[in-house]
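Read the figures in this text as sums done on the coordinates, not as results from a lab. Source: prediction; values computed, not measured. Neighbour counts run over all protein chains shown; Cβ positions are idealised from the backbone, glycine included.
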């Protein structure tokens, strides 16, 4: 099983996270209800086993909790993928969520980059600032070493737009980390 467990403690957050790329239980507790919902959706739609426990400085706001969780999840992806041999490397996916439509494309390349194009008509979803979506995705992409493109094509409801983005990213990553029988990285360089 391709699994990673990472613990990270700073003055702002205390995070314990376990990721299994090949499935498993999903247990999320970040202290931010909507973010828990997004991570649950991410794990479920990615087919990932994911356990996340975060104690963050929520008396300030949710910024450190969300961004630092993205950092640790990205590090877990990097660790669980190892040398990235025998994976499909690329994945892309559209997710409709009622009136909203989101698209994600990913390259597990070792070259971290994020392109993010989304507008949120409502600034908040419960206790979650929708502007944190780009911060989470950037932290995930940079620390996982992946190129991630995310786009909301349209939508009127920030909940639907945000959830479609998380689900699209999850499905794209699921396709990209899928194992094949090649026995080698999908690269003309021979390494990723």
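Numbers below:
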read-out	value
Ranked 94, 154, criterion: other C-beta atoms within 10 Å, fewest first	154, 94
Nearest 10 degrees, 0 to 90: helix 132-144 Cα axis against the chain principal axis	20 degrees
Residue 99 versus residue 5: modelled label distance in nm, points set 7 Å from Cα along the beta carbon direction	4.6 nm
Pairs of Cα atoms farther than 31 Å apart, region 3-176, %	7 percent
Sum of -39500 (n - 2.57) over DSSP H runs of 4+, divided by residues of the chain (222 nm, nearest 500)	-11500 deg cm²/dmol
Calculated FRET value between residue 131 and residue 55, using beta carbons and R₀ = 22 Å, to 0.05	0.45
Tilt relative to the chain, helix 63-81 - C-alpha long axis, 0 to 90 degrees, to 10	10 degrees
DSSP beta bridge pairing in the chain, given as percent antiparallel to the nearest 5	80 percent
Listed residues 121, 112, 96, most fluctuating in the chain (Gaussian network, C-alpha, under 10 Å)	121
Candidates 180, 157, 143, ranked by Gaussian network fluctuation over the chain, Cα under 10 Å, top entry	180
Distance-filtered residues of region 161-187 - backbone nitrogen under 15 Å, label point 7 angstrom along residue 86 Cα→Cβ	177-186
Helix 33-46 vs. the chain, principal-axis angle (Cα, 0 to 90°, nearest 10)	20 degrees
Region 1-61 and region 137-185: distance between their alpha carbon centers, rounded to Å	16 Å
